[in-house]
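The values are calculated or read from the model by the stated rules, or taken from the named source; none is laboratory data. The shown structure was predicted, so the numbers you read here are calculated from the model rather than taken from an experiment. Heads up, the Cβs are rebuilt from the backbone with ideal geometry, glycines too, and the neighbour counts pull from every protein chain shown.
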């Protein structure tokens, strides 16, 4: 599979401050990649370098095999970009706004009008096509931003914080539309600090921290790396606590066992090991009262990672 | 590093959109109304004075633009005052307006270079100015036809046309200045204020400052040659102002009897028939430096704005 985005050793300095320091990034075509990180961690700067709107201080970028600095027009023709808190010309209607972008993208005539109609239909804005953007809600503006991306029929769609400021219903709809992009074979790169949403649509995520990508991979693998186990199984059992805990720890694929309150055990495991846990408890002479499992959330990964790195920084400071 | 693709891709699209925006904006309608009022008043006053005098001026029609009757200034003086205002109104929010509407990064993510946006916006402003002034010019001439009841001669039309070009160039200077401020300053109000401050400086204070500055730093040799050098210095300094260039250029083109724009020695006037009109070619020659100065100011200001814009971070 070929790479839609490939960046090596990417650095961006603003004076003495390095917004991005030594970033490596590879995104396969046809996947949905999530850039995660707190505000100011260099996500937007990275995106701007990918589409050639900002020049990297060092490093190389290839987008769809093209160099965004030397061939910016070709890159921008194949890449749809929706900026953070996207803005439109308020005095113009949705259709007129899209027509302007489409003409800038080199489209014209009936082909352009057809694509505008299709894009507006796709983001469910067809009813508001001839209203001025002035009266649009936040959610409608975001959807219009997505329509503009669709208009180009891009190979790569870059969405910067596409769901920030949306209500849950609108967010849900928006995520559905992003899944639709993937179904069309469009590679999607989206940045966010809203973890559960990223988890819901992304194949892989990259965790940004202070201009570096500190973790990268599918959500479950990150969970394994950071939390020590992707799955949290909690068991409630009566019996000899020490022997039950020992039996649980012997199960292959279990990374750790923590006795919780009386008669409760928290097991972190690499896979869904509920049946093995049940067997182990009865094997150790215990009575299983309840068994539950929690999939790892990106939230936990994120919090755990920053708790640890925060701790390190505190030590460095001391 | 070489970049592929033409920097002019998309200029026509930006030009069309921006021109449409300008021509439909309330801002422009207000200013056009103001100018129309000024033009009507000035022409009416001028024509009534022209009818009072029974002269044999072969360029009677052109005096429509230049003659004043108290308390109204002449049409040309009105323009010298109002053209910068229109130009500033067209340009002060060109780039920072896109920033504050958060449309800049979206537009620049389309397959165009930044060049196209800035050039397109500048040309749109210039085109709007040209359309506005042409309309105004035709209106004044039409009004003149009705009021004076006499058609302009071929040379008068040509001179009037050069006057139109000078006016557009003059507007271009202020447009480029306003766009420069729109690139430099993020706040639209600040940019407008900065441009208006420059306008006030040249419209009101420059003529007061120049003699002071010339006295302080100009040549100080005694005698008549020293006086001449001081006069030259003062004139050169005053010509830094686009308003002065515009006033001189329009004076020479609309008043064919103008033979020199600056101090003249008596020896140079020997054999001259004072009051006799110059041919158009000679008048053009006379204002060529002024025209070149205006064009140079446009290019300089636009280039600075262009370079700053190219280096600017576009993230909001």
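Out of everything in segment B:278-316 that is surrounded by 16 or more Cβ atoms within 10 Å (Cβ to Cβ) and not in a helix (DSSP H, G or I), what residue ends up being modelled with the highest pLDDT?
Residue satisfying both the conditions and the ranking: B:278.
Out of segment A:123-139, which residues are crowded, with 17+ Cβ neighbours inside 10 Å, part of a helix (DSSP H, G or I) and either at positive phi or in contact (Cβ under 8 Å) with a residue 40 or more places away in the chain (or both)?
A:133
For segment B:19-69, which positions are away from chain A (no Cβ under 14 Å), free of Cβ contacts under 8 Å to residues at least 60 places away in the same chain and in a loop (DSSP other than H, G, I, E, B)?
B:53, B:54, B:55, B:56, B:57, B:67, B:68
State whether the residues of segment B:244-255 include one that is in a loop (DSSP other than H, G, I, E, B), out of contact with any helix residue (DSSP H, G or I) (no Cβ under 9 Å at 6 or more places or on another chain) and closer than 22 Å to residue B:67 by Cβ. Show your work before the answer.
Filtering segment B:244-255 for residues in a loop (DSSP other than H, G, I, E, B) gives B:255.
Next, from what is left, pick out any that are out of contact with any helix residue (DSSP H, G or I) (no Cβ under 9 Å at 6 or more places or on another chain): none.
Within segment B:244-255, none of the residues are in a loop (DSSP other than H, G, I, E, B), out of contact with any helix residue (DSSP H, G or I) (no Cβ under 9 Å at 6 or more places or on another chain) and closer than 22 Å to residue B:67 by Cβ.
Condition first: facing chain B (nearest Cβ under 7 Å) and within 13 Å of residue A:143 (Cα to Cα). Now tell me which residues in segment A:86-95 satisfy that.
Within segment A:86-95, A:86, A:87, A:88 meet the criteria.
Just one of A:107, A:120, A:98, A:112 is part of a loop (DSSP other than H, G, I, E, B) and more than 9 Å from chain B (Cβ to nearest Cβ); which is it?
Numbers: A:120 fails: part of a loop (DSSP other than H, G, I, E, B); A:98 fails: part of a loop (DSSP other than H, G, I, E, B); A:112 fails: part of a loop (DSSP other than H, G, I, E, B).
The match here is A:107.
Filter segment B:1-16 for residues that are within 7 Å of another protein chain (Cβ to nearest Cβ) and in contact (Cβ under 8 Å) with a residue 40 or more places away in the chain and give the result.
B:3, B:5, B:9, B:10, B:13
May I ask you to list the residues in segment A:232-283 that are surrounded by 14 or more Cβ atoms within 10 Å (Cβ to Cβ), in a strand (DSSP E or B) and under 31 Å from the mean Cα position of the chain (by Cα)?
A:232, A:233, A:234, A:254, A:255, A:257, A:266, A:267, A:268, A:269
Of A:206, A:211, A:185, which residue is in contact (Cβ under 8 Å) with a residue 12 or more places away in the chain and within 14 Å of the chain's Cα centre (by Cα)?
On the way: A:211 fails: within 14 Å of the chain's Cα centre (by Cα); A:185 fails: within 14 Å of the chain's Cα centre (by Cα).
Matching residue, one of A:206, A:211, A:185: A:206.
Looking only at residues that are in a strand (DSSP E or B) and within 14 Å of chain B (Cβ to nearest Cβ) in segment A:8-57, which one is farthest from residue A:74 (Cα to Cα)?
First, the residues of segment A:8-57 that are in a strand (DSSP E or B): A:8-14, A:17-28, A:32-36.
After this cut, where a residue has to be within 14 Å of chain B (Cβ to nearest Cβ) as well, the list is A:12-14, A:17, A:19-20.
Numbers: A:12: 23, A:13: 26, A:14: 27, A:17: 31, A:19: 26, A:20: 25 Å.
So the residue we want is A:17.
Please state which of the following conditions residue B:133 fails to meet, knowing it meets all the rest: (1) more than 10 Å from chain A (Cβ to nearest Cβ); (2) more than 18 Å from residue B:19 (Cα to Cα).
Just one mismatch for residue B:133, condition (2).
Do the conditions hold for residue A:188, that is, is it assigned to a helix (DSSP H, G or I) and buried (at least 22 other Cβ atoms within 10 Å of the Cβ)?
On the way: assigned to a helix (DSSP H, G or I): no; buried (at least 22 other Cβ atoms within 10 Å of the Cβ): yes.
Spelling it out, it is not the case that residue A:188 is assigned to a helix (DSSP H, G or I) and buried (at least 22 other Cβ atoms within 10 Å of the Cβ).
I need the full set of residues from segment A:157-180 which are within 14 Å of residue A:79 (Cα to Cα) and surrounded by fewer than 23 Cβ atoms within 10 Å (Cβ to Cβ), in order please. If you could, list the steps in order and put the result at the bottom.
Here is the first cut: in segment A:157-180, the ones within 14 Å of residue A:79 (Cα to Cα) are A:157-160.
The answer is none; no residue qualifies.
What's the total number of residues in segment B:204-236 that are within 29 Å of residue B:77 (Cβ to Cβ) and not in a helix (DSSP H, G or I)?
1
Name the residues in segment A:145-158 that are in contact with a helix residue (DSSP H, G or I) (Cβ under 7 Å, 6 or more places away or on another chain) and either over 25 Å from residue A:45 (Cβ atoms) or part of a strand (DSSP E or B) (or both), would you?
Correct list: A:147, A:150, A:151, A:156, A:157, A:158.
Taking residue A:62, is it in contact (Cβ under 8 Å) with a residue 24 or more places away in the chain, surrounded by fewer than 20 Cβ atoms within 10 Å (Cβ to Cβ), touching a strand residue (DSSP E or B) at 6+ places or on another chain (Cβ under 6 Å) and more than 14 Å from chain B (Cβ to nearest Cβ)?
Numbers: in contact (Cβ under 8 Å) with a residue 24 or more places away in the chain: yes; surrounded by fewer than 20 Cβ atoms within 10 Å (Cβ to Cβ): yes; touching a strand residue (DSSP E or B) at 6+ places or on another chain (Cβ under 6 Å): yes; more than 14 Å from chain B (Cβ to nearest Cβ): yes.
Yes, satisfied.
Inspect all residues belonging to segment B:83-91 and state whether any of them is in contact (Cβ under 8 Å) with a residue 24 or more places away in the chain, more than 14 Å from chain A (Cβ to nearest Cβ) and closer than 30 Å to residue A:77 by Cα. I'd like the intermediate steps shown before the answer.
Just the residues of segment B:83-91 that are in contact (Cβ under 8 Å) with a residue 24 or more places away in the chain, to begin with: B:83-91.
Cutting the leftovers down to more than 14 Å from chain A (Cβ to nearest Cβ) gives us B:83-91.
Subsequent filtering for residues that are closer than 30 Å to residue A:77 by Cα retains B:91.
Among the residues of segment B:83-91, at least one is in contact (Cβ under 8 Å) with a residue 24 or more places away in the chain, more than 14 Å from chain A (Cβ to nearest Cβ) and closer than 30 Å to residue A:77 by Cα, which makes the answer yes.
Could you list, in sequence order, all residues of segment A:58-86 that are assigned to a loop (DSSP other than H, G, I, E, B) and out of contact with any helix residue (DSSP H, G or I) (no Cβ under 7 Å at 6 or more places or on another chain)? Explain how you work it out, then say what you get.
Of segment A:58-86, the ones assigned to a loop (DSSP other than H, G, I, E, B) are A:64-65, A:67-71, A:83-86.
Result: A:65, A:67, A:69, A:70, A:71, A:85.
Exactly one of (1) surrounded by 19 or more Cβ atoms within 10 Å (Cβ to Cβ); (2) over 30 Å from residue B:198 (Cβ atoms) is unmet by residue B:22. Its number?
Single failed check for residue B:22: (2).
What's the total number of residues in segment A:65-85 that are closer than 15 Å to residue A:149 by Cβ and either touching a strand residue (DSSP E or B) at 6+ places or on another chain (Cβ under 6 Å) or more than 8 Å from chain B (Cβ to nearest Cβ) (or both)?
Summing the residues that are closer than 15 Å to residue A:149 by Cβ and either touching a strand residue (DSSP E or B) at 6+ places or on another chain (Cβ under 6 Å) or more than 8 Å from chain B (Cβ to nearest Cβ) (or both) in segment A:65-85 gives 8.
State yes or no: is residue A:179 at pLDDT below 90 and either under 14 Å from the mean Cα position of the chain (by Cα) or closer than 23 Å to residue A:306 by Cα (or both)? Can you show your working first?
On the way: at pLDDT below 90: no; either under 14 Å from the mean Cα position of the chain (by Cα) or closer than 23 Å to residue A:306 by Cα (or both): yes.
No, not satisfied.
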